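Down below is the structure, laid out as C-alpha cells.
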Amino acid sequence: MCIRDRYKEYMIDCFVDCIRHLNQKGAIYATVLSLLSLTIPQFVEICLERVQEVLQKDLDKGEIIEPKNCVIFLGELMNIGTVNSFSFITILYDLLNEAEKTLDESRDYYINIVVSVIPHVYEGLNDKSALEFKNLIDGIENLMKKRNLKYLDCIKPFKATDINDRLSDFWSAIKDSVKQRKLRPASLYKPYADFAEQLSNIKSVSYTHLTLPTIYSVQISVVAVSLKK
C-alpha cells in the first residue's frame with residue numbers, strides 16, 4: 001500500500017471512530033461528509049461503506065452506544081439529503097422488525113436505538129415522509145405495549161428503590177414532543193443549516209445495496225447516497 005493510500009485509510013478510520021464514539025458531533029461529521037461529497041464522492045462512498053460495516057459489527061456484538069451513534073449520523077445525513085429518506089427509514093424498520101422477533105432485554109435493545117434517533121430525525125422525516133414517520137411512531141408504540149419487564153427483576157436485589165424504567169420515561173417524553181411538534185432541542189445544533197446553499201446542489205443517485213451477515217439478523221439493506229451529478 002502506498003503512503004497516500006495508507007493515510008487515506010487512517011483518515012477514514014479516524015473519521016468513523018469519531019462517528020461511533022462522539023455522539024454530540026454527529027451533525028458536524030454529517031455536514032463535513034456531505035460537503036466532501038460535492039467534490040470527492042468516491043471518498044464519501046468509502047466512508048459510508050465503512051460506517052455500515054462497523055454498525056453491523058457493533059450490532060453483532062450487542063454494543064450499546066456505538067450503534068446509536070452510527071444510526072444518528074446516518075439520520076443527520078438524511079436530514080441534509082445525503083442519505084435517501086426511504087433508505088434511512090428502512091434501517092429503522094429493520095431494527096424494529098428485529099425487536100418484534102425478540103423478547104425482553106433484546107427487544108428493548110433495538111427499541112432503544114430507534115427511540116434515541118427520533119429527536120435527531122423528527123423534522124427531516126416528518127417533512128420528507130410524514131406518513132412513514134407516523135407509521136414508525138405507531139410501530140414503536142405497539143412494541144412498547146408488548147414489552148415484558150420481568151427481566152428487570154434480577155436487578156431488584158441490588159437496588160434500594162424501585163427500578164426506574166428509563167426507556168418508558170424516554171418514550172413518553174418523545175411522544176409528548178411529537179404531539180407538540182417540538183422535538184429537536186436547541187442543544188442539537190444543525191451546522192448543515194449554515195451551508196444550505198452549497199448542499200442544495202446534492203442530487204440523489206442510487207448507491208450500493210449491502211446485505212451483511214449478523215448474529216442479530218439485522219440486515220442494513222439499503223443506504224442510498226445522494227451525490228452531486
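Here are a few things to note about the model shown:
- Packing around the peptides 53-64, 137-148, taken as the average count of other Cβ atoms within 10 Å per residue, puts them in this order, highest first: 53-64, 137-148.
- Residue 129 versus residue 21: modelled label distance in nm, points set 7 Å from Cα along the beta carbon direction: 3.3
- Across the range 34-106, Cα pairs under 8 Å and at least six residues apart give a relative contact order of 19 percent.
- The distance between label points at residue 197 and residue 11 comes to 2.6 nm (points 7 Å beyond Cα on the Cα→Cβ vector).
- In terms of distances greater than 21 angstrom between alpha carbons, the cross-link table entries 8/61; 68/175; 61/134; 101/146; 57/134; 146/175 yield 8/61; 61/134; 57/134.
No value in this document is a laboratory result; all are computed from the given coordinates. What you see is a predicted model, and the numbers here were worked out from it, not measured in a lab. Please note: Cβ atoms are built from the backbone with ideal geometry, for glycine as well, and neighbour counts cover all protein chains shown.
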